[in-house]
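Inspection log for the structure reproduced underneath, given as structure tokens.
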Amino acid sequence: MKEQNIRVFNDSLLIVLALLSVGLLLFELTTDVSEEGLAMIRTIDLTVALVFGAEFLIRLFESKKRGEFMKQNWWQILASIPVTATGTQALRGLMLLRLLRIVRMTSMLARVSLFTKSLGRIIKETRLALVITLLIAVLLGGASSFYLLENQANPHVNDFGDSVWFMAEVMTNTGVGEVYPMTSGGRMVGILSMFSGIIIFGLFIAFIASHLVTTKSKKK
């Protein structure tokens, strides 16, 4: 169980860092950033690159067949290229803009690939796809029903977005209260949505617990 938790935490960290890295790259390319901002972006990106590099080296040394591991995963080293570091910025001074674009794009694609691989593993192990599908189905179905029942009778329901907001409130039991039902049908939709939210999130927790128990049993 401890190893499983570490792997899930590791995958989640890589997902966050991959999104952060791509976001920094897009921000720098589309925004007129000050020198202080550029320095901060380069520092963050260098840190992200070091984390990806360390993660790759750890998996390499833990692998029993390092040669085969390198043959299959060598491209992941590209994820460790700091795309906003001083070394790549210097290429602008040499007018090698095309090479800079290739380095940047290759590094970004490598990180996105790691992101999708880690996300796929998490989704498969926790049945997250099923939970999300149920959540979206109940959210949209309940919002549609609530909108049809409350649109004419409720001054707080001006469009479909208000109904979606109401469903999000009741399914997560936040109780913000900006939108509330004023018809019997709307109240019934709200009640069913509350229980549906509890059931869906309960299923998600049950799937995680079941997976952890199964993994532990297999190890024994």
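None of the figures in this text is laboratory data; all of them are computed from the coordinates on show. These numbers come from a predicted model, not from an experiment. Cβ placement follows ideal geometry from the backbone for every residue including glycine, while neighbour counts extend to all protein chains displayed.
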Using R₀ = 35 Å, calculate the FRET efficiency as 1/(1 + (r/R₀)^6) where r is the Cβ-Cβ separation of residue 38 and residue 128; round to 0.05. 0.45
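At a Förster radius of 30 Å, what calculated FRET efficiency corresponds to the Cβ-Cβ distance of residue 20 and residue 144, to the nearest 0.05? The partial results should precede the final answer.
Numbers: r = 36 Å, r/R0 = 1.20.
That gives a FRET efficiency of 0.25.
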Can you give the FRET efficiency to the nearest 0.05 for residue 117 and residue 188, using r as the Cβ-Cβ distance and R₀ = 35 Å? 0.20
